[in-house]
1. Do the conditions hold for residue 125, that is, is it farther than 19 Å from residue 71 by Cβ, at pLDDT 85 or above and not acidic (Asp, Glu)?
2. Six or more apart or on different chains, Cβ atoms under 9 Å: show the pairs whose first residue is in the stretch 166-189 and in the same structural domain as residue 76 (by TED's automatic domain parsing) and surrounded by 13 or more Cβ atoms within 10 Å (Cβ to Cβ) and whose second is modelled with pLDDT under 70 and of a type in the set (Ser, Thr, Tyr).
3. Name the pairs: first residue in the stretch 219-232 and within 13 Å of residue 8 (Cβ to Cβ), second residue surrounded by 21 or more Cβ atoms within 10 Å (Cβ to Cβ) and of a type in the set (Ser, Thr, Tyr), Cβ to Cβ under 8 Å, at least 6 apart or on different chains?
4. Condition first: outside any helix (DSSP H, G or I) and either under 23 Å from residue 11 (Cβ atoms) or touching a residue at least 12 places away in the same chain (Cβ under 8 Å) (or both). Now tell me which residues in the stretch 239-263 satisfy that.
5. Tell me, please, whether a residue that is surrounded by fewer than 22 Cβ atoms within 10 Å (Cβ to Cβ), assigned to a loop (DSSP other than H, G, I, E, B) and under 20 Å from the mean Cα position of the chain (by Cα) can be found in the stretch 53-75.
6. Please go through the stretch 280-289 and give me each residue that is assigned to a helix (DSSP H, G or I), modelled with pLDDT of 85 or more and either in contact with a Pro (Cβ under 7 Å, 6 or more places away or on another chain) or not hydrophobic (A, V, I, L, M, F, W, C) (or both), ordered by number.
Amino acid sequence: MAADALSDVLRTVRLTGAMYFDIAARAPWVVEQPPRETILPKILAGAERLIAYHVLVEGRCFANILDAEPVALEAGNVIVFTNGDPHVMSSSPGMRAAPDAPSPFEAAVANRLPFFVNIGSNGPTSAKLVCGFLACDARPFNPLLESLPAVITAGGARDGDSGWLGQFIHFAMMESTDKRVGGEGVLAKLSELMFIEVVRQHLESLPAEQAGWLAGVRDPFIGRALSLMHRSPALDWTIEDLATEVGLSRSVLAERFTGMVGIPPMRYLAKWRIQVASGMLSGGSANVATVAAEIGYKSEAAFSRAFKKMVGVSPSAWRGASVAAGLTQQVQ
């Protein structure tokens, strides 16, 4: 049941694997990713969140958000920058690229996939990386992204080539080398699956005392409550109903849910309903009254008030902006 809540969120946020490129680096080497604002519009028009990832296929290197402590990476490691923050990849800790140095990230955005780049000196290759971007929606309600740290690492030598991430590297390299028809789409989907696996590994590694939405997904009681609300958002849920379903008292569920997820269950349900509604409206075909009824509102007016209070615009304005963004993406 807990896994369903994670799947539901992933389905509603338009997670899109949009970029893929290889780096062969020769020490000393350093590259920096520019701000997300310069990359995201070129990847997925209308998306709000940029996720950058790097898979170290061979060698060793270091990675860090600007002005943060470097993270040492070894072959088989994946590092994900969940906010798309400007960051550094380098052969040694503490390195910075020259202000006027060309960025392979910008070059990759401008080229069809896959894209290959050599960086560093003329010596032997010291690191090989598979890098890319994903884009997704952050509004109106993305509890997964809100609960993730800015940097996640996963994988490593202990997982071996037989693990999921090892298989991702294998298939990604095969697709980029063979250059078969449809390879770009395959690589994009592989990137999405890789991100999901990294999130799952992160969830499994959380300490028992961890709070947050992901911790709630893992909790047998809160995870079931989340899944019930996700499965049937239109039902007229009460705390008593949820408590009965999950096997806790009303007071214990309310306290446990709020302490772990950060908001009361009914507040969560209201936010999730708006998230579901935003996806329906983005399709452009459903009218506001139909959407309101399907997510549990008794009147279109009540739904419109709740939607505008949370999102800042009316349902019809949201739908219009989403359709326009979709048309822009098709033109690009």
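The values are calculated or read from the model by the stated rules, or taken from the named source; none is laboratory data. Since we're looking at a predicted model, the values are computed, not measured. No Cβ is skipped: glycine too gets one built from the backbone with ideal geometry, and neighbour counts run over all protein chains shown.
1. For residue 125, the condition - farther than 19 Å from residue 71 by Cβ, at pLDDT 85 or above and not acidic (Asp, Glu) - is met.
2. Cβ pairs passing all conditions: 172/20; 175/20; 176/20; 183/176; 184/20; 187/20; 187/176; 188/20.
3. Final answer for the pair search is 226/268; 229/268.
4. Those that are outside any helix (DSSP H, G or I) and either under 23 Å from residue 11 (Cβ atoms) or touching a residue at least 12 places away in the same chain (Cβ under 8 Å) (or both): 247, 248, 262, 263.
5. Looking through the stretch 53-75, none of the residues is surrounded by fewer than 22 Cβ atoms within 10 Å (Cβ to Cβ), assigned to a loop (DSSP other than H, G, I, E, B) and under 20 Å from the mean Cα position of the chain (by Cα).
6. Result: 281, 288.
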